[in-house]
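Reviewing the structure listed below.
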Amino acid sequence: IPSKLLNRPLVLIGLMGAGKTTIGKKIADLLSIPFIDSDKEIEITAGCSIADIFEQYGEEEFRRVENQVIQRLLDQAPLILATGGGAYMHPKTRKTLKEKATTLWLHCDLETLFKRVSKNTNRPLLNVNNKKEILSSLMEKRYPVYAEADIVVECKDKDIDTTINLVISAL
Ligand code: S3P
């Protein structure tokens, strides 16, 4: 197990479509360590889908539950934790992640993100016709903050396997 994984969980951050879940799961399998997806964990805790939480209780309540769930998961290592794209934007969540985790940003370009999210329709923030514009404005707002991550991996023009190798060599 790479040394960076021994004492703190590795937390993957990045926009929707960056590959946090896919890449995190594959690396965890390769290294035989646990993998958790915070979105999935939120759905288990809440007993309903992310889309339902957004619809019934709003984004603010979703962020509150997301923060609680992430707090609870950070005391174990080794662990790879994929977080939802907005988690690191929440000041309280970001503070805890900086204290307790090694954060890794999967830095992706707009075309790649757009190609990946267009196949999927159950993300409430992208349940719109102008997905590309929304993604682009999220990039503008979030990338300067994601850049505070401990490790940045550049994903542009790279397939998933190449990105996985880059992540592993950064650990
Ligand atoms: C969100 C990203 C989603 C999910 C929710 C909000 C965001 O997760 O947490 O729909 O604010 O970027 P993924 O990044 O895994 O799609």
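Taken together, the values in this text are just the output of simple stated rules run on the coordinates, not laboratory data. Just so it is clear, the model here is predicted, and its values are computed rather than measured. Please note: Cβ atoms are built from the backbone with ideal geometry, for glycine as well, and neighbour counts cover all protein chains shown.
The trypsin sites (Lys or Arg not before Pro) of the range 109-171 that meet both conditions, a loop assignment by DSSP and at most 11 other Cβ atoms within 10 Å of the site Cβ, are 119, 156. Is any residue of the range 134-171 close enough, with backbone N under 19 Å, to a label point placed 7 angstrom from the Cα of residue 30 along the Cα-Cβ axis, and if so, which? 151-171, by backbone N distance to the label point.
With R₀ set to 45 Å, the beta-carbon distance separating residue 166 from residue 60 gives a calculated FRET efficiency near 0.80.
Taking other residues whose beta carbon is less than 14 angstrom from the beta carbon of residue 88, and scoring Lys, Arg as +1 and Asp, Glu as -1, yields +4. When the inverse distances between all different Cα atoms of the chain are averaged and flipped, the Kirkwood radius reads 16.1 angstrom.
Straight-line reach only, C-alpha to C-alpha below 16 angstrom: list the lysines that residue 4 could link to, leaving out same-chain residues fewer than 8 apart. Hits, sequence-local ones excluded: 98, 100. Candidate cross-link partners of residue 119 among the lysines, defined by an alpha-carbon separation under 25 Å and a same-chain spacing of 8 or more, comprise 20, 25, 26, 40, 131, 132, 141, 156, 158. Per-residue extension of 0.36 nm, minus the Cα-Cα distance of residue 48 and residue 118, leaves a gain of 22.9 nm for this segment. Hydrodynamic analysis of the range 35-99 uses the Kirkwood radius over alpha carbon pairs. Inserted into Stokes-Einstein at 37 °C and 0.692 mPa s, it gives a translational diffusion coefficient of 275 µm²/s.
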